[in-house]
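J.: Pasting in a structure now, in structure tokens, and then I'll have a few things to ask.
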Amino acid sequence: MITSFAPFTDGFFETGNQVHEWVINRARDHFAEDRARRRAVKDKRGFAGYREERLARFLASIGGLPEGGRGEPETTETGRLVRPGYTIRKLVYRSLPEFHVPALLYVPEAPAKPAPAVFVACGQHADGKAAAACQRVCIDLVRAGFVVLCIDSPGQGELVQCLRPGHKSPQAGPASREQELLQLGASLLGWNIARFFLWNAIRGVDLLASLPEVDPQRIGATGASGGGCLVQYLMLAEPRIQVAAPCCSLTTRDYHLSAGSRAHDGEQNLFGAIPAGLDHADFLAAFAPRPALVGAAEFDHLGIEGVLEAVEEARRIYAALGASDLLELRVAREEPHGFSTPLRRACVDWLARHLLGRRLPPFTDEPAAEAVATLRCTRSGQVLLDHPDGRSILDLCREQWLRRRPPSLAFLRRAVSALVDSAAPAPLRARRTRCVETEFGVAEHVFFFTEPGILTTAVVYAPVIEPLRAALLLIPDGTEGQEPFLREITARLEARELVMVYDVRGTGAVRMRRRHHAEGGDRDRAESRVACDHFLLGTSLAEKRAQDVKQALRYLRSRDDVGPRLPLEIVGRGWPSLHGLLAACTERHLSACSFEGLPESWSSVLRPYEKPGDIVSEPWILPGLAGAIDIDDLLRVVGAARVPAAARVPAPSGRPVRRLARGALAAGGR
């Protein structure tokens, strides 16, 4: 009875890379525009407009900066360590009224007054500021005569945001794993957690500038990996940074997409970065004509080719401003990703040349790192335990979510239509590759394009007798996952229903090839990596799949045995229900809808350990809705004209199920 496609769409098409190629092809149109825009900068006036536009677009992509005070932040010193030639002060400062940041301040024993300062951004180390690599760069800098501030980023060290109840260990896992989880909640609101990373760093610069030991006109920044990314953000958004040295963090977005290297961490997946012209070369170029050293590792997974291209693109703008000699690239030979000794020493020397006005003598030793516990700034080891009144990023996102108000139906329809109807569908040229007779009728293998470059597939089961109804069935794994739904398909055929089992892009017979998933959260699936690539493009995998469903409905209506008058319903089972629900919100002529397996709310990502079976992941998130709409609101759109009530029943797995009774809807428009 059940039939499915043979490999390569019954021998007609290779589709394993089509979703990935769709992203790249659209992105490259933007990349060409970006290059032209950068190369149009010929003088200071042109540069000022370019830089101002990049900054505005960057701030828009992260949801703006949090609203907080400026000036010297409220700071508590919790201890000191005296070492030969310098002192380490253990600090906790407030970046927001209820957000505390642990920090280490390295002060030379007899600093020149006032001395230059350096902000050091940590990479993705579980120990944060206490990681050996971070300690060594701080020690080299303080020995050279700098005042140095190194802080924990959210998810690291003593700034873990998701703690196990009553414990100081992270629930989500260290560093990048927790940051991926935090970003899910921020994406829900149209934010990026970079807004908090950057604000903490800006307030750290406020702290440095307020110190009597520091010359506020001579502040630099350095960091590697995720820390290098934060330095790039500071290079664009913090004008007090006079010299920068980001390491192992630059490439081009074209290289990132093409190479399929590991997915960016949460704070690096900026929604709409590609159409906004926010490539790594732009962060670097916007720093001109101030001195910048780019550190790279020959064996980095980011790819040396991408680094070289990004630096050369930025160098054009440095040259236009007469500052070619103030941008340098240093490549650590045969070194992997990270703040290796050669890169660390190159960065310290660069900062000394431009902030101290002198070259450093050759390094003669490798600084000894302190034990992690020795550098603890809090009693408990976590600021959220030391400060019960403090807020986490999840708390701040939850509070923002709770400020939302139920939107009007008119707003809901417009907002969903703006996403789902944003792209013109491809001409409907459906093709049949196979026709199989079964005891209940005929099974047809069909494919059609939903937009240029995206082919989708379906198995259409037509009953022996002329159908009375038609159903678009959306199930996990599509045409390759029909077996668990055999009874339902059979029952519908016996009731003289035509049933179309449909594969949205990247699923079933058009399943995408595995992509590099990085680590953490739900990223062991190709879906999550590709969803993040869609975010960079300013769209979402969920809305593109809803567009696929719309094309499938057009196909059904084009069939002679369905036509415009036969009652037609969408049936969603499991995670594909979301795509059916989004499509149903913009369809006026459905007779019924049935959705099972929808989460209670998108906001489940903001309470991940209260309902672990109800967590949504990147392929479910629509940042374009900016936290204004929830799943209940979508059901209300559908129910406004067609659904008398939405009943919740527990699923066998414990996952919430939404079931809208078949046949309970009135045919016709709204």
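The values are calculated or read from the model by the stated rules, or taken from the named source; none is laboratory data. All of these numbers come straight from a predicted model, not from anything done at the bench. Every residue, glycine among them, receives a Cβ derived from its backbone with ideal geometry; neighbour counts consider all protein chains shown. Protein only, heavy atoms only, side chains kept; ligands, DNA and RNA dropped before computing areas. Shrake-Rupley method; radii C 1.70, N 1.55, O 1.52, S 1.80 Å.
J.: Hey, can you rank 21-33, 426-438, 240-252 by average C-beta count inside 10 Å, highest first?
T.: Ranked by mean Cβ neighbours within 10 Å, highest first: 240-252, 21-33, 426-438.
J.: Residue by residue through the range 405-413, what is 3J(HN,Hα) from phi via Karplus (6.51 cos²θ - 1.76 cosθ + 1.60, θ = phi - 60°)? Round to whole Hz and write x for glycine and proline.
T.: Karplus values, whole Hz, x for Gly and Pro: 10, x, x, 6, 4, 4, 5, 4, 5.
J.: Place the peptides 4-17, 402-415 in order of packing, highest mean first, counting for every residue the other Cβ atoms within 10 Å and averaging per peptide. Don't skip to the end; give the middle numbers.
T.: Working: 4-17: 15.7, 402-415: 13.2.
Peptide ranking by packing, descending: 4-17, 402-415.
J.: For the range 181-257, just the Cα atoms, rotate onto the principal axes and tell me the three extents in Å, largest first.
T.: Extents along the principal axes, in whole Å: 43, 28, 17.
J.: Taking the mean number of other Cβ atoms within 10 Å as a proxy for protection, how do you rank 594-606, 384-396 from highest to lowest? Write down the numbers at each step before the final one.
T.: Values: 594-606: 22.2, 384-396: 17.7.
Per-residue Cβ counts within 10 Å, averaged per peptide and sorted highest first, yield 594-606, 384-396.
J.: Something else now. Let's see if you can work this out: charge +1 on each Lys and Arg Cβ, -1 on each Asp and Glu Cβ, no other charges. What is the dipole magnitude of the range 315-411 about its Cα centre, in debye to the nearest 20? Display every interim value, and only then the final one.
T.: On the way: 16 positive and 12 negative charges, 100 e Å.
Here the size comes out at about 480 debye.
J.: Same structure, new question: Hey, got the dipole for the chain? About the Cα centre, +1 on K and R Cβ, -1 on D and E Cβ, debye to the nearest 20?
T.: For the chain, the charge dipole is close to 1180 debye.
J.: Taking H as built 1.01 Å from N, whose amide H comes closer than 5 Å to the amide H of F595, not counting residues under 5 places away?
T.: G572, L660
J.: Determine the percent antiparallel among the DSSP beta bridges restricted to the chain, to the nearest 5. Working shown, then result.
T.: Numbers: 49 of 90 bridges.
Once the DSSP bridges in the chain are tallied, antiparallel ones form about 55 percent.
J.: Do the sum for the chain: with -39,500 (n - 2.57) for every DSSP H run of n ≥ 4, divided by all residues, what is the mean residue ellipticity at 222 nm, to the nearest 500 deg cm²/dmol?
T.: That comes out to -10000 deg cm²/dmol.
J.: Separate question: From the protein chains alone at 1.4 Å, what is the descending order of accessible area for E238, E399, largest first? Provide the component values of the computation, followed by the final result.
T.: Values: E238 5, E399 55 Å².
Most to least solvent-accessible, the answer reads E399, E238.
J.: Let me know the volume per residue of the alpha-carbon convex hull for the range 102-206, in Å³.
T.: So the per-residue Cα hull volume is 102 Å³.
J.: Under the √(5λ) rule applied to the eigenvalues of the Cα gyration tensor, what semi-axes describe the equivalent ellipsoid of the range 398-547? Give them in Å, descending.
T.: 32, 20, 17
J.: Let me ask something else about it. Between Rg and the Kirkwood Rh of the range 459-584, both from Cα atoms, what is the Rg to Rh ratio?
T.: Ratio of gyration radius to Kirkwood radius for the range 459-584: 1.03.
J.: Continuing with this model, one more query. What does the accessible area of F271 come to, in Å² to the nearest 10, when a probe of 1.4 Å is used?
T.: Surface open to solvent at F271 totals about 60 Å².
J.: Compute the whole-percent fraction of alpha carbon pairs in the range 135-275 spaced more than 24 Å apart.
T.: Values: 3687 of 9870 pairs.
Of all Cα-Cα pairs in the range 135-275, 37 percent lie more than 24 Å apart.
J.: Right, another one. Once Rh for the range 332-374 is found with the Kirkwood sum over Cα pairs, what is the Stokes-Einstein diffusion coefficient at 25 °C and 0.890 mPa s, in µm²/s? If you can, show how the numbers build up before the last one.
T.: Numbers: Rh = 12.3 Å.
Using the Kirkwood radius from Cα pairs, D works out to 200 µm²/s.
J.: Quick one: grab the alpha carbon gyration tensor of the range 1-85, order the square roots of its eigenvalues as a ≥ b ≥ c, and give me rounded if a/c is under 1.5, else prolate or oblate depending on whether a/b is larger than b/c. Could you put the intermediate results ahead of the total?
T.: Numbers: a/c = 3.17, a/b = 1.68, b/c = 1.88.
Oblate shape, in that a/c is at least 1.5 and b/c is the bigger or equal ratio.
J.: I would also like to ask the following. Tell me which of P73, L329, H301 sits at the most positive position along the dipole axis of the chain, charges placed on C-beta atoms (Lys, Arg +1; Asp, Glu -1).
T.: P73
J.: If amide hydrogens are placed 1.01 Å from N in the peptide plane, which non-local residues have theirs closer than 5 Å to the one on R83?
T.: Distant-sequence amide H within range of R83: I88.
J.: Sticking with this structure for a sec: How far is helix 341-351 tilted off the main Cα axis of the chain, in degrees rounded to 10, range 0 to 90?
T.: 60
J.: How large is ³J(HN,Hα) for each residue in the range 360-366, as worked out from phi by the Karplus curve 6.51 cos²θ - 1.76 cosθ + 1.60 (θ = phi - 60°), to whole Hz, x for Gly and Pro?
T.: These are the phi-based 3J(HN,Hα) values: 8, x, x, 6, 10, 8, 9 Hz.
J.: Taking only pairs that are 8 or more places apart or on different chains, how many Lys pairs in the chain have Cα atoms under 30 angstrom apart?
T.: Going through the chain pair by pair, I get 7.
J.: For the chain, what relative contact order do you get, as a whole percent, if you take Cα pairs closer than 8 Å and at least 6 residues apart?
T.: 15
J.: In a Debye calculation with equal point scatterers on the alpha-carbon sites of the range 218-377 and no solvent, what is log10 I(q)/I(0) at q = 0.16, 0.17, 0.18 Å⁻¹?
T.: Result of the Debye calculation: -0.92, -1.03, -1.14.
J.: May I ask you to give the solvent-accessible area per residue for the chain, in square angstrom, as obtained with a 1.4 angstrom probe?
T.: 37
J.: Using just the C-alpha positions of the chain as equal point scatterers, what log10 of I(q)/I(0) does the Debye formula give at each q in 0.07 1/Å?
T.: -0.51
J.: Take the alpha carbon atoms of the range 419-479, find their center, do the same for the range 213-286, and report the distance between the two centers in whole angstrom.
T.: With the range 419-479 and the range 213-286 each reduced to a Cα centre, they are spaced 45 Å.
J.: Placing unit charges on C-beta atoms (Lys and Arg positive, Asp and Glu negative, everything else neutral), compute the dipole magnitude of the range 223-307 about its Cα centre in debye, rounded to 20.
T.: Numbers: 4 positive and 9 negative charges, 43 e Å.
The calculation lands at about 200 debye.
J.: Just to verify a number: FRET efficiency for F12 and E483, C-beta to C-beta distance, R0 = 35 Å, to 0.05?
T.: 0.90
J.: Then there is this: Where does helix 176-188 land angle-wise versus the long Cα axis of the chain, in degrees 0 to 90, nearest 10?
T.: Once rounded, one gets 60 degrees.
J.: To test your reading of the geometry: what angle, between 0 and 90 degrees and rounded to tens, separates the Cα axis of helix 18-39 from the longest principal axis of the chain?
T.: Helix 18-39 sits at roughly 40 degrees to that axis.
J.: Something else now. How many nm separate the modelled label positions at E74 and S417, each set 7 Å beyond the Cα in the direction of the Cβ?
T.: Using points 7 Å along Cα→Cβ, the separation is 4.9 nm.
J.: Keeping the other protein chains in place, figure out the carbon and sulfur percent of the accessible area of the range 298-368, with a 1.4 Å probe.
T.: So the carbon and sulfur contribution to the accessible surface is 50 percent.
J.: Then there is this: Given the C-alpha centroids of the range 98-119 and the range 558-604, what is the distance between them in whole angstrom?
T.: Using only Cα atoms to place each centre, the spacing works out to 58 Å.
J.: Let me ask something else. Can you list residues whose amide H is under 5 Å from V214's amide H, if they're 5+ apart or on another chain and H is modeled 1.01 Å from N?
T.: Counting only residues 5 or more places away or on other chains, the set is A115.
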